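There's a structure below that I have some questions on.
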């Protein structure tokens with residue numbers, strides 16, 4: 001998978017989730033609450049994050065001096081998140097509960113996603129991608 005394709009996927013997800021949070025914050029609040037309260041889903045989420053992080057790093061673990069280093073950073077974040085969920089799930093539960101208690105935190109994450117989504121889209125979809 002090329003850097004451009006990775007940026008394309010990430011951009012679509014970020015834009016869709018960011019808009020979704022702004023349009024329907026109660027759904028995402030409930031989603032986070034239910035996710036951390038359901039141990040099998042939390043466990044599977046940890047496995048998925050760990051595997052995704054590992055795969056990104058296995059195929060794209062380069063510390064380069066261009067914008068593709070963002071993909072490597074995402075890989076490390078996913079890997080660490082997966083390990084944290086599997087080893088210390090209470091940390092993820094506490095973080096998720098903090099996000100659901102304060103609506104402005106969820107709104108901030110939505111805005112960050114909506115800003116990053118088009119930036120990643122630019123990197124992935126433009127005809128002569130800089131990465």
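No lab work stands behind these numbers, since they all come straight from the coordinates. All values derive from a computational prediction rather than experimental measurement.
Report the residue, chosen from 78, 49, 94, that carries the largest GNM mean-square fluctuation when the chain is represented by alpha-carbon nodes joined by springs under 10 Å.
For the chain, modelled as a Gaussian network with Cα springs under 10 Å, the answer is 94.
Roughly how tilted is helix 103-125, in degrees to the nearest 10 and between 0 and 90, from the longest Cα axis of the chain?
20 degrees
Percent of Cα-Cα pairs per 5 Å bin, from 0 to the last occupied bin, for the chain, please list those.
Going out from 0 Å in 5 Å bins, the chain shows 2, 11, 16, 19, 21, 17, 10, 4, 1 percent.
Here's a follow-up. Mind checking the full-extension length gain between residue 87 and residue 104? Use 0.36 nm per residue of separation minus the Cα-Cα distance, one decimal, nm.
3.2 nm
Same structure again: Using the alpha-carbon atoms, what tilt in degrees (0 to 90, nearest 10) does helix 25-37 show relative to the longest principal axis of the chain?
70 degrees
Next up: Roughly how tilted is helix 89-101, in degrees to the nearest 10 and between 0 and 90, from the longest Cα axis of the chain?
The answer is roughly 80 degrees.
Quick check on the chain: helices-only [θ] at 222 nm, where DSSP H runs of length 4 and up contribute -39,500 (n - 2.57) each and the sum goes over total residues. Nearest 500, please.
My calculation for the chain gives -29000 deg cm²/dmol from helical runs alone.
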